[in-house]
Every structure is written in structure tokens, then in C-alpha cells.
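Beneath this line is the structure, given in C-alpha cells, with notes to follow.
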Amino acid sequence: MEILERLAHTVLAALLAPLLLGVIARTKAAFAGRRGPPLVQPYRDLRRLLGKGAVYSTTTSWVFRAGPTVGLAAIVTALLFVPLGTLPAAFAFPGDLVAVAGLLGLARLFSGRAALDTGSSFEGMGASREAQIGALAEPALLLALAAAASAAARGGGDWSLSGILPALSGASWIAHGPTLAMVTFALLGVFLAENARVPVDDPATHLELTMVHEVMVLDHGGPDLAFILYGAALKLWVLGSVIVAITVPVRTGSAWVNAAVAAGGMVLVAVFVGIVESSMARLRLIRVPQFLVGAAVLAVVALALVLR
Amino acid sequence: MATRLTFTLRNGEAAPLGEVPLVAPGELREAVLRSVEAGSRLSAFFGAPAAKGVRLHAVLAQPEDGAFAILAADAGESFPSLTPACPEAHLFEREIAEQWGVRPEGHPWLKPVRFHRSYRSGTDAWGRAPGEPIEPGVTEFFRVEGPEVHEVAVGPVHAGVIEPGHFRFQCEGETVHHLEVSLGYQHRGVERALAGGPDKRTLHYVETLAGDTTVGHATAHAEVVEALGGSAAPARAQAVRAVALELERLANHAGDLGALAGDIGFQPTAAFCGRLRGDFLNLTALLCGSRFGRGLVRPGGAGFDLDEERAARGSERIQAALRDMAGAAGLLWSTSSVLARFENTGRVTREDCVRLGLVGVAARACGLERDARAEFPSGIYRVAQVPVSTWRTGDVFARAYVRWLEVQRSAAFVVEQIRALPGGLVRSGVGSLAPDSIALSLVEGWRGEICHVALTDSRGRFARYKVVDPSFHNWQGLAAAMRGQQISDFPLCNKSFNLSYCGQDL
């Protein structure tokens, strides 16, 4: 039973993550007055891509081919350390939140290297922008998690994600309301930046000069692209479940009920992304660092408040 | 030296070629420079075949008296370039060099425009051998040197389904120091094909000079033919043409506002305007059965009449579309994340705008009151005015906002014209064209002024048919707007100009 509980979130995330992309697409379509693609469209896309062959440019090396695989592997590994509701993660150790941030960084490093490996000026620009965004998003993420950990620790958690996140509850909001609110805003900023959504990036654009994430994967096709899309969906889930653990701290006696509520919260996060993308324009690229520094500053203030 | 700008034509007029003053190339240069300094603009500058080599023709639009001064000069093998003193002649002179194999001496950046062989066999301004292949885009590009400088080449194949064009950026990090636009991929040889006309193909060529400006180009052509044929279109036809011209403006402006929103990821206006563009196109279809106005404008009048029932229906639909448009466009001006992207992006100063000779929306967005409908009215615009819409700032916001102002004024104009449509026929006959004559027409299309100049031979056929699409004036404006900008803002700047590739490449 314990094994089942420990693997449950990983299996659930692996199955349901692409659904989040479908929810975002449907939300945007509803705002635009369209019906939109079916919710299961991302699954169909993945199946279609996996059935294709891959084409590799002769100017690329093993780095290009390793990019999607290492990226997906890193994100799956990160997923193993993330709990859902009070359902524990598959693995946990004190300080694993740093490992999660590092694994996300590893995925970014390899997708950037793969983009540079093509020698295309567009992909080089994309990699440079992604590196800049990542360098600013990572400290904001770590600081926000540290603030959340400190808030939870006063309620008796330990320094792993499985210790911190399930320990947050309604009582934590009463004790540390302002801290957790600021942590939430900081994490939302990181979430939108890390997942290449508006206002930081625009996943729907076809304009190669404005893209960040999309332009880096232009040369990937077939199963490699499927790995990238699936990895992106899992990343959405990983960071989303951290936000949900803080904002929807429903703590009933049953871990399964808590997990189901948290999964419902994930859908709300996807709807939130859809609403953001339907109601505002992208930031000018030069303003993105300010956006992320803002998130980091919120996290620092939150940390200062809780350590006061 | 006297300026000798003694010969003028009004918009949509013809005159015997012999009346055009023939001067030496140096005198033509002086006269044009002086006139441009006094506030005229170069609407067309082109070569035409003459008994001895190539004869240059300069058409200067003089807003102060609403007339066009025309001068001619025999070029010989070379002529003194105007460009160093008059940058708006830049592309015209490159075009002359490429088409006729004569060199503008002193031109600072003499490169081919469309990458084709000279019209006069055996001549080549660059001394290329007759068998040497000429490939579009294969040429020297301006380079910025430096340790941090990198070059970004975009196109001619793009990620979206758009026309082919090559853009060469000299960047330092994300900042663009220089952009060079290299086109010619869409060159079809339309101007050459039009010579010897008019024939059965002529109208089809004209309607597809730039497919999104069918009515604009067809109107300019019809006015040229009517001038040479010594007739005028009936008043009712002129009103129907103006309605179609404004509907074309409405459809394209609506589409552009939506596309501008799309480029910054602002979904509401993008989704709304995509639909509204279709509504306006369907209104043109209501008029003539074609969403792009094909077959509507004909020399001597219009191919279709507007009966009362359809007029009423059209008027209703346009007012409904305008109401929706007010909501969709209003979101752009009230959303701070949109304004943050539009304001101060891609700014062209008023001085640069004048020097580069920009036209249309791009010029009016710099505060210039350049609008052929007001300055050089022809057709129904002589009696029914559309107020000129301008904005001062010269940035993406200004180009977007001028479009919205024009949408409102064009819609009001169309409703008014439909309500008070003159009676009578919509088509009259056009006589045979006057031989050895010159005629010109300037029409304010949705993008800017469209200039058609026709020179006839002794049999009344086109010896030379010159087309100047507004894009030909404005591509240089896009390059100027990108100076010092972020390269990620290029698609937005590009869309704010929304220039035609095929209209420039002809």
C-alpha cells in the first residue's frame, strides 16, 4: 500500500499532464469565441509525433539528439520528488527542493545546447534568451520555496518537498498569510516564465524573431518533438503542483481525497494560464528580467517576513 | 538656373508627350532637388524607351497646388544621382539602373532591386556578362563590424505563410543597428507585360499587382485609361469605386489591427478583428461577388451596379461591423500591456519620414498630412471629402491608431455614399487612347498612394506603363524604424507597416 501511495502521484502526473495543455487551449478558445480543439488533442499529437521518423541535420552532433531525451529524463526525475496534496512523492530527502530546481536547470541546459548545436542564428537567440530567463527564474523559485519551507517548518515540516508542501494547511495561511500570498505570486511568475507562457513567451506565435522556447525546438521533429512536448506538459504539472499545494491546502484525513482536490486545483491553474493568455499582451522581451526580478523580490520579502 | 517646372498635370489628366519639358540630366536633378526642398515629393521617377537610349521621367507631387510637375531628360549611359541629396530617390534610381542599364553616378548604395536582366539587351549597370546567372538576394550586404556584432538573416522562407523577402539584421545582442531589406523574389515582370497594351490581359495584371489592393490599383489604372481615352466614368460609377476603395481600406485596417494584436500575443483583439476583416471583405463581395473586388473597377466605370436592396443591406452590415470594431479596437487602447508594447516601438521621426518620402499610414503616423484623397482628389473625392487622420508619435502605436481613425472615417464615408448614390449608368464607353501622350493617376489605397503613369506610342498603345506601389516608398521606412530597436520587436514593426512584397517586386 505504501509503495502504491508513493508511486501514485508519478503515475497520475504521467497520465494527466498533457490534459493541462488541452485545458489551456480550450480556455483560450472560449475567450476567443471559438470551440477549440478537443481536450485530448495533446495526446493525439503525441501519438502522431511518436509514429513519425526523425530527421537530423548533418551539421548537428550527439548533443542535438541528446537534448530532448535528457530534458525529458530530468523532468521525470524532478517529478519523482514532488508530492500532490498529502500524497507523498516517490522519493524524498532533506533539501530535495534544490535537486528539483537543479534538474529543471539541467533540462534547460540541454535544450539550450541542442539549440546551439544546430548553428542557426534564430536558435542561438532563443537559447540566449532562455538562458537569461532561466538564470533569473531559478533564484526566484529557490527563494520562494525557501520561504514556503520556513512557513511550513514552523508548523513542523522537514526540508524536503514531501515534508514542506503537505505540511502547509489552512492553519499556515492564518499564521503566515502575507508570506504565503507573496510566495504564491512569486511562484506564479516563475511558473509562467519556466513554462514559456504569456506574458514571458508566446507558445502560439509563428514569428521566429520573437520566440524563446518555440524557436529552440524548431529543428526537432518526430519522437524528439514528442519528448519535448511531453516534457513541457510534465514541467507544467511539476511547478503547478507546488502552487496548488500552497493555494489549495485541503487537508482531509484521506490522502486520496486530498490528491483528487489537488488534481482539481491543477485544472484551475491551467484555466488561470488560459485566462492570462486571453487578457494580456506579452511583455517586451527587454522587460522580462524585470518581471522575474520582481518575482524574486517578492520571494525575498516573504522569506524576510517569515524569518523575522 | 530656372527650375523650369512649367509643365503640370492634374490627377487623372492626360497631355501630349511633346509638352513635357526635356532638359539635361543635370538640370532635371537641380529642378527635382529644389522642388523636393520646397515641399514636393517624388511620386515616380522612371526610365522609358526613347529614340536614343533611355528617357528619364520625374513626377513630382506638389501638395500646395494639387498638381504634378513632370520633367524628362535623356539619360545617356549615366546621369548624376539625386540620392545623396534626396534620399527618397534611392530605390527609384536603383530601379532605373537595373531596368535600363544606365548608372546613376554617385549613388551611395547601387544594388539591384529585383534581380532581373536589363530591359535593353546588351546593357548592364553592373557590367555583368550576358550569360551570368542573376539570383535574387545574391549580393553584397551592409555589414557592421565589431566583436559583439552578429548578423541575423531572416527569410526568404519564413515560419509563417507570408510572402518571401530577405531581411539582414546587424545586431549587437538583442539591439538592431542596421536592417537591410532585400526583395525581388516575387518579381513577375508585370510592367514589361503591360507595355504594348491595353489588351485583354491588362486588367487582370492590374488587379493582381498587389492582391490585397485590387480596387486601389484597378482604380488608378481605370483613371489613366479614361484620361487617355478622353472620357470620364459616370458619377455613379465613381461613387461605387470609392465605396469599394474604402471597403478595401476597412478590411485591411481591421486585419492589420488584429494582426498587430496577434503579434504581441493579445488574443481578444486578434480573434475579433480576424472575423471583422472577413465581414468587410464580404461587403465587397456583396458589391461585386468577389471578396477582393476583382471585376468591379473597369475603365469607363464599374462592372457592377449597387441596387437599393443591397445598398440598404450593406449599410446595415457596415454599421454593425463598425460597432464590433469599436469594441475590439477599444481594447487595444485601454489595455496597458498592449500600450507598453506599441508606444515608443519602431519610431520614425518626422524628419526621416519626409526625407525618405514615406506615404500613406506610415507618413500620417508621423504627423504628415499626406493623403492623395485630400491633396490630389480624383473621382468622387473631388466632391466628397474624407478627413485626413494623423498622429504625431511615429511609432507602432501611431500607425495602429491612425488605422483605427481611418476605419471610423471610411465607414462613415461609405454609409454616406451608399445613402446618396448618384443616379444614372455605372459604365460608359472609353474611346481609343490618345497617341504619344502621358497620363497619370494617384489613388490613396489603404497602404498609401498608388501612382500609375502611362506613356503611349504613336498607335495609342502603352509604350511604358509605370506602377509605383506605396510599398516601394515605405520599405526604407521600416529599415529606419528598426534602428536601435530590439530584434524581437521586428515582427511588430513589420506588421505596423504591413508592406507588400509583390507590389514592390512587380
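None of the figures in this text is laboratory data; all of them are computed from the coordinates on show. This structure is a prediction, so every number in the text was calculated from the model and none was measured. Methodologically, a virtual Cβ is constructed for each residue, glycine included, from the backbone with ideal geometry; neighbour enumeration extends over all protein chains shown.
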Assigned charges on the beta-carbon of Lys, Arg, Asp, Glu; the stretch B:397-501 dipole about Cα centre (debye): 120 debye
Pairwise centroid distance, computed over Cα atoms, of the stretch B:70-142 with the stretch B:216-274, Å: 32 Å
Average beta carbon contacts from partner chains per residue of B:454-466, 10 Å cutoff: 0
For the stretch A:148-267, diffusion coefficient by Stokes-Einstein and Kirkwood Rh (Cα), 25 °C, 0.890 mPa s, µm²/s: 152 µm²/s
Estimated Rh, chain A: Kirkwood, alpha-carbon pairs, angstrom: 19.6 Å
Label-point separation in nm, B:R382 to A:V55, each point 7 Å along Cα→Cβ: 5.8 nm
Added length on full extension, which subtracts the Cα-Cα distance from 0.36 nm per residue, B:R392 to B:T139: 87.4 nm
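Quick one: work out Rg over Rh on the C-alpha atoms of the stretch A:1-159, Rh as Kirkwood radius.
Over the Cα atoms of the stretch A:1-159, Rg/Rh equals 1.02.
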For the stretch A:241-308, the spread of Cα positions along each principal axis, largest first, Å: 47, 39, 13
Positive-pole candidate from B:P87, B:G12, B:A69, dipole of the stretch B:8-105, charges at beta carbon: B:G12
Cα-centre dipole for the stretch A:1-115 with unit charges at Cβ (Lys and Arg positive, Asp and Glu negative), debye to 20: 740 debye
Alpha-carbon radius of gyration plus Dmax, which is the widest Cα pair, for the stretch A:205-262 in Å: 17.1, 51
Paramagnetic reach from B:W333 (point 7 Å along Cα→Cβ, amide N under 18 Å) across the stretch B:394-435: B:394-413
Order by protection proxy (mean Cβ within 10 Å, highest first), peptides B:44-57, A:202-215: A:202-215, B:44-57
Near-label residues of the stretch A:265-285 by backbone N, under 15 Å of a point 7 Å along Cα→Cβ of B:E343: A:284
Sorted largest first, extent of the stretch B:1-91 alpha carbons per principal axis (Å): 35, 32, 27
The stretch B:183-301: C-alpha pair distances exceeding 20 Å, %: 50 percent
Of the trypsin sites (Lys or Arg not before Pro) in the stretch B:187-282, those whose Cβ has at most 15 other Cβ within 10 Å and which sit in DSSP loop: B:R188, B:K200, B:R201
At R0 = 45 Å, FRET efficiency that the Cβ-Cβ distance of B:R275 and B:S458 yields, to 0.05: 0.25
Pairs of alpha carbons in the stretch B:22-150 whose separation is greater than 24 Å (percent): 34 percent
Inter-site label distance for B:A193 and B:F7 at 7 Å from Cα along Cβ, in nm: 3.1 nm
Nearby lysines by direct alpha-carbon distance to A:K235 (threshold 21 angstrom, same-chain neighbours under 8 apart not counted): A:K28
Cα Rg, Dmax, the protein assembly as shown, angstrom units: 31.2, 103
Per-peptide average of other Cβ atoms within 10 Å, ordering A:129-141, B:443-455, B:124-136 highest first: B:443-455, A:129-141, B:124-136
q = 0.11 Å⁻¹: log10 I(q)/I(0) that the Debye formula gives for chain B, counting C-alpha atoms only: -0.92
Per-residue average of Cβ from other chains inside 10 Å of A:274-283: 6
Positive-end residue of A:A29, A:P83, A:F64, charge dipole of the stretch A:2-307 with Cβ unit charges: A:A29
For the stretch B:400-506, with +1 on Lys and Arg beta carbons and -1 on Asp and Glu, the positive-most of B:L421, B:S488, B:C502 along the dipole: B:L421
Nitroxide proxy distance, nm - points 7 Å out along Cα→Cβ at B:D65 and A:A131: 6.4 nm
R0 of 60 Å, Cβ-Cβ distance B:R201-A:R44: FRET efficiency to nearest 0.05: 0.80
Size-normalised alpha-carbon gyration radius of the stretch B:292-376, reference 2.2 N^0.38 Å: 1.59
Evaluated over the stretch B:48-89, the Cα radius of gyration and Dmax, each in Å: 12.5, 35
Partner chain coverage, peptide B:159-168 - average Cβ within 10 angstrom: 2
Kirkwood-based shape ratio for the stretch B:304-343, expressed as Rg/Rh from alpha carbons: 1.32
Largest-first principal axis extents, alpha carbons of the stretch A:48-109, Å: 47, 25, 12
Residue-span extension gain [A:I174 to A:F93] - 0.36 nm each, minus C-alpha spacing: 26.4 nm
Neighbour-count ranking [beta-carbon atoms within 10 angstrom, fewest first] of B:V113, B:V190: B:V190, B:V113
Magnitude of the charge dipole, the stretch B:8-105, Cβ model with Lys/Arg +1 and Asp/Glu -1, debye to 20: 120 debye
Cysteines not pairable in the protein assembly as shown (beta carbon separation under 4.7 Å absent): B:C86, B:C171, B:C273, B:C288, B:C451, B:C493, B:C502
